[in-house]
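Below is one structure, written out as structure tokens; comments come after it.
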Amino acid sequence: MIEVIGLRLKNIRSFEESVIPIGPGLTVLMGRNNTGKSTVLRAAFLMARSPVPHDINDGYMRTGSTECDIAIQLRVPREEFHAALGFEISRVDSVRIGKTSLTELDEYRDWQAEPKVEVGRRWYFDPEPRNMIALRLLSNDASQHVEILAKGAATTSLSGDVQAEAIWFAEVLNEAGWPKSKTVGEAVFAYWEHQRVERLNSWIKQPDRRVTSAEETKLIEGLTFLKMKHEAEFARLSQALQDAFPEFRGFDFDDVKGKEFDYRPAFVTRDDQSSLLARESVGNGAWSYLSILTSARIAKATGARVLFLDEPHVYLHPGLERKLIGALTNPNNWDGEPLQIVAATHSPVFVDHAVRHGTLNILDWQTATHTSTSIQSVRYDENNAATLTRFFCAPSDLLYAEHVVFVEGPSDALALQILARARCKLTALPRFVPLRETDSIANNIHEYFSVIVQAVNPGISALLFLDGDKKADLERKWDKLPTDRDPRKLPGVQWANDTGNDLESVFCEPEFLRAYFVDKGCIATLTGIEKELESVGYPANHKSQKGCEAIRRLHSSLLIEDESARKIDYLEGLVRFYVRVTDEGFAAKVRAKIKPIEDALTALARGRS
């Protein structure tokens, strides 16, 4: 089965030259308004339809450019290569870099087992408007290519001159007859959005009654088409309606009274009552859900591989969004070959699913003048889970935050959140994000910051709050990293725990702890507490010397508590007590230790980190 793996845009609006990865399941385009999400969805049809040059020049070509490219990148099974591209895969052996056959190079070794190609169209406007078909043979990791134009000319991104049989390539790539197969023509793509934009109708033309909007006439046409031509797809759509809305049994067609041969789709309720299909019958959310799934079923029935959805979450309850994603991506609903779904959306439900199971492309402005779009891709891989899935919290909790505080575990996250609310007078509370494992912090922290700090919002502020006794070890590791992977060198990042070994250590003051335990109703002896704290080190040389261990032992001995009690409970109690008595004299030493942390949190929310 042919799979679309990406779209390449060059000099298309704000895209100087970008490859937008497309995954096998759900791909989400997320980004601030006007960064180019809808442009990505619509650009594919410019390539497929070969619009007249002024359509490109007037509305889509980057200002100041004299040429632009739109191309689709494909993974083509060996057995489908000839049918899709019009020539035998063995022909690639005739392509040489210098004196070496292309498939003998490391970048293309075993390439024929799983070929990756790019089919594109290039427009020129100097001196006269014209366009030309281009074929690229992509390397195994798609980072290198050999390009052959319809005129037979060949270029490569590899070092060395490329040689190819220009005559037969020119015959295959002649503009009048290629691509000959609809596999890589306009039938690859289907498109849906809530309201059709009139100007787009001239070039997003889709065959076979594909639903392209949520308009009532489009939905009626689509359901009728499925009922008449694809009964199995119609039955699956009825089942999807029933799964999402138990009050319905599915669809049927009613004879409209007084109109001969006029049958229209209708909703059938559990008690076998029916009503003609109308948005008012079910409301906007159910209507959008039904419209999108109808579009998907028609796209599948008519041979499309990719369905583009523009803002599919509008009107949908989050629970219904989850049902929609499941219906679109579950292979069992699609005979084992689901559509590839590309959605431009701000929905946290879509974003979280894409990070955990698909591909997330974050679009943002690369320049302050908003003239160039950058793309950061977070792609899920079963063998190497996406970076953001390593957090305890949902990915969207990070990607929509203005300020982020990374902490070592959930206990620190809760404690600092309480502190920030009570002591720092923050108008917008930061997201406190626990990291999963200390080892992953040392090895992968640059990945977290790369995605969150650099891609989501270049002006974001972030704090890194880890145990102080780990600082020296982590910094030794970071010293060995390249500058662009060192979290200390990323903009907006601040280390916020220079003293102590863990957050509990700031509370390891005998007078403060005596007052804390007395407040809890026990008779605490200052001498006993001092003796327990004698071994606490800053930083600790051994686990038993850490403040958290001392606090645990004191709870056990003074309050007769089980030592297996959660650390988060201890720390929450300490912070809540400190917040309540911070002006008391016995809290003075704790206040001195915790003030740098409070200052860092306050500065974070004010954008001064």
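The values are calculated or read from the model by the stated rules, or taken from the named source; none is laboratory data. Because the structure is predicted, anything quoted here is derived from the model rather than measured. As a convention, Cβ positions derive from the backbone with ideal geometry for all residues, glycine included, and neighbour counts pool all protein chains shown. Note: accessible area is taken over every heavy atom of the protein model, side chains too, but ligands, DNA and RNA are not part of it. Shrake-Rupley method; radii C 1.70, N 1.55, O 1.52, S 1.80 Å.
Observations on the structure shown:
- Residue check, D397 part of a helix (DSSP H, G or I), over 21 Å from I20 (Cα atoms) and open to solvent by 30 Å² or more (accessible area, probe 1.4 Å): yes
- The numbered conditions (1) open to solvent by 40 Å² or more (accessible area, probe 1.4 Å); (2) on the phi > 0 side of the Ramachandran plot are all true for E67 except (2).
- In region 71-96, the residue that is farthest from V19 (Cα to Cα) out of those that are buried (at least 19 other Cβ atoms within 10 Å of the Cβ) and at pLDDT 90 or above is V76.
- Yes/no for D254 being at pLDDT 90 or above and either polar (S, T, N, Q) or in contact with a Ser or Thr (Cβ under 8 Å, 6 or more places away or on another chain) (or both): no
- Of the residues making up region 160-180, those that are assigned to a loop (DSSP other than H, G, I, E, B), surrounded by fewer than 20 Cβ atoms within 10 Å (Cβ to Cβ) and modelled with pLDDT of 65 or more number 3.
- Residue within region 403-410 that is open to solvent by 50 Å² or more (accessible area, probe 1.4 Å) and modelled with pLDDT under 85 present: yes
- Residue match in region 275-287 (condition: touching a residue at least 40 places away in the same chain (Cβ under 8 Å) and under 31 Å from the mean Cα position of the chain (by Cα)): yes
- Going through (1) among the charged types (D, E, K, R); (2) farther than 28 Å from A327 by Cβ; (3) open to solvent by 10 Å² or more (accessible area, probe 1.4 Å) one by one, E118 falls short only on (3).
- Number of the condition not met by K471 [criteria: (1) touching a strand residue (DSSP E or B) at 6+ places or on another chain (Cβ under 9 Å); (2) part of a helix (DSSP H, G or I); (3) at pLDDT below 70]: (3)
- Residues that are farther than 14 Å from Y570 by Cβ and part of a helix (DSSP H, G or I), drawn from region 495-511: P510, E511
- Applying the condition of being open to solvent by 50 Å² or more (accessible area, probe 1.4 Å) and among the acidic types (D, E) to region 477-503 and asking which residue is modelled with the highest pLDDT yields D479.
- Residues in region 130-159 that are open to solvent by less than 40 Å² (accessible area, probe 1.4 Å) and of a type in the set (D, E): E147 alone.
- Number of positions in region 320-347 that are in contact with a helix residue (DSSP H, G or I) (Cβ under 9 Å, 6 or more places away or on another chain) and outside any loop (DSSP other than H, G, I, E, B): 15
- Region 281-309, subset out of contact with any helix residue (DSSP H, G or I) (no Cβ under 9 Å at 6 or more places or on another chain) and at negative phi, residue least open to solvent (accessible area, probe 1.4 Å): A299
- Subset of region 19-35 that is open to solvent by 10 Å² or more (accessible area, probe 1.4 Å) and assigned to a loop (DSSP other than H, G, I, E, B) - its residue that is farthest from T345 (Cα to Cα): P24
- Within region 348-377, considering residues that are open to solvent by less than 20 Å² (accessible area, probe 1.4 Å) and in a strand (DSSP E or B), the one modelled with the lowest pLDDT: D364
- You will find that of D55, D106, the residue that is at pLDDT 90 or above and among the charged types (D, E, K, R) is D106 and no other.
- Cβ pairs under 7 Å, 6+ apart, first in region 214-235 and closer than 12 Å to A301 by Cβ, second modelled with pLDDT under 90 and among the basic types (K, R): G222/R209; F225/R209; F234/K227
- Selection within region 577-586 - more than 17 Å from L554 (Cβ to Cβ) and either more than 42 Å from the chain's Cα centre (by Cα) or of a type in the set (D, E, K, R) (or both): R580, V581, T582, D583, E584, G585
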